1. Would you mind checking the tilt of helix 120-133 against the longest principal axis of the Cα atoms of the chain, expressed as 0 to 90 degrees and rounded to 10?
2. How large is ³J(HN,Hα) for each residue in the stretch 268-282, as worked out from phi by the Karplus curve 6.51 cos²θ - 1.76 cosθ + 1.60 (θ = phi - 60°), to whole Hz, x for Gly and Pro?
3. In whole Hz, what ³J(HN,Hα) sequence does the stretch 313-327 give by Karplus (6.51, -1.76, 1.60; θ = phi - 60°), x for Gly and Pro?
4. Tell me, how many Å apart are the Cα centres for the stretch 88-106 and for the stretch 310-340?
5. Over the stretch 184-329, how many percent of alpha carbon pairs lie in each 5 Å bin up to the one with the longest distance?
6. Quick one: helix 83-99 against the long Cα principal axis of the chain, what's the angle to the nearest 10°, folded into 0 to 90?
7. Using just the Cα positions, wrap the stretch 32-134 in a convex hull and report its mean projected area in square nanometres, one decimal place.
8. Between Y74 and S237, 0.36 nm times their residue separation minus their Cα-Cα distance comes to what?
Amino acid sequence: MTDKKKITTSLIPIKTNGLIRANYSIFITKKILCGSIEKLFNKAFCLLNSKELKNSNRNYLVLLETELNHRKKYRYDFEANTIEDYRKALSLFKDIISIHPRHSLSNEMVAICKHKLKDFTGAIFYFTKAIEIEPENSSAYNNRGCAKHNIKDYEGAIEDFTKAIKIDSEYSSAFYNRANTKHDIKDYQEAIDDFTKAIELDPKHTDAYTNRGIAKYDLKYYQEAIEDFTEALKIDSSNPKVYYNRGIAKRYLKDYEGAIEDYTKAIEINTKYVSALNDRGIAKRHLKDYSGAIEDYTKAIKINPNYANAYYNRSLVKNKLGVLIGAIEDELMYEKLIKK
C-alpha cells in the first residue's frame with residue numbers, strides 16, 4: 001500500500017464573503033423626511049445586528065446616512081441572534097421602502113437580510129435597486145458581488161468588486177472579496193496581489209494574511225505561505241485553522257517536528273479537530289513514531305467514526321508494523337466509507 005495517491009489534505013480557507021459595511025458613505029444632498037422612518041429603521045437595524053447591538057438607543061439612520069467616519073471605522077457584522085430576527089428586520093425594512101421606495105440604504109438593508117437568509121437572487125435584486133438609486137454606492141456593489149459569488153457567478157462578482165474599488169480605491173473589503181473570488185477560479189497570482197492590497201489598507205486583516213498564505217501554498221511557495229500564516233497568528237493566535245494550515249505547509253517542507261507543533265496547538269484550541277489529529281499522525285509516521293501515529297488516527301476515528309482518511313492512514317502504519325489483519329480491516333472500512 002502507498003499513501004501518496006490516497007491521502008489528501010487541504011488547506012481550510014477563511015472566506016467570510018461577508019456583507020461588510022463600507023468605506024463609503026452616502027451623503028444626503030436633499031433632506032429625507034427621516035422622522036417617518038427613523039423608529040422603524042433603528043428597530044430593524046438592531047434586529048439585523050442583534051448579536052451585538054441588543055436594544056441600542058442610538059439613531060443608526062442618522063449615523064449611517066451622514067457620518068462618514070462612523071461608516072469607515074465601524075464595520076457591522078450583520079449577525080442576528082436568530083433567523084427570526086432576520087425575518088423581522090426584513091419585514092420592517094420593506095415597510096420603510098413602502099413609505100420611501102427610493103431610500104437607497106433601506107433597499108440595501110433588505111438585500112442584506114435576504115443574503116443572510118440565503119436568498120441570494122433576492123439579495124442581488126435589492127442591491128441592484130440600491131445601486132440604481134445611488135450609483136456611487138460602493139458598499140452595494142461590494143455586497144452584490146458577495147451575493148453573486150454565492151451563486152457562483154464569479155465573473156459578475158469580480159465586476160462588482162472592481163466597480164466598488166473604482167468608486168473607493170481604499171476599500172479593503174472589496175479587494176479582499178475580489179481576491180477570494182480570483183482564488184476560487186484558480187487565478188492565484190492575481191488573488192495574491194489583491195490580498196496584498198487589502199493588507200496594505202488594513203494591516204490587521206488576519207483573514208487576508210491567511211488566505212494569501214493559502215494562495216501561495218497553491219503555487220507551492222510553501223515558505224512564503226508559512227510567513228503569511230505566522231503574520232496572521234501574530235494578530236490573532238486563537239484560530240486553530242491557521243495553525244493547521246501552517247502545519248500542512250511545514251509538512252510539505254519536511255519540517256515534521258514543526259508541523260507536529262502546529263497541529264498540536266490547533267488541537268489544544270479545538271480538541272475535536274479531526275483533520276489536525278489525522279495530519280499530526282501523518283507527520284509522526286514520517287518520524288517513525290508509529291505508536292503515536294496510531295494513537296492520533298484512533299482519536300480522530302473516535303471523534304468521527306466516518307472519517308475515512310484516518311482509517312486508511314492507520315492501515316498504513318499497521319501494515320508497516322506487521323499487524324496485517326488490523327491493516328486489512330482499516331482499509332476495508334476506508335473503502336466502505338469513500339463509496340458512501
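Every number here is computed from the coordinates shown, using simple stated rules; none is lab data. Because the structure is predicted, anything quoted here is derived from the model rather than measured. Cβ: placed from backbone, ideal geometry, glycine included. Neighbour counts: every protein chain shown.
1. Its long axis makes an angle of about 40 degrees.
2. 4, 6, 10, 5, 10, 7, 5, 5, 5, 4, 4, 6, 5, x, 4
3. 5, 5, 5, 4, 5, 4, 5, 4, 8, x, 8, 5, 4, x, 5
4. A separation of 58 Å, based on Cα centres.
5. 2, 11, 18, 18, 17, 13, 10, 6, 4, 1, 1, 0
6. That works out to roughly 20 degrees.
7. Convex hull of Cα atoms, orientation-averaged projection: 6.0 nm².
8. 56.4 nm
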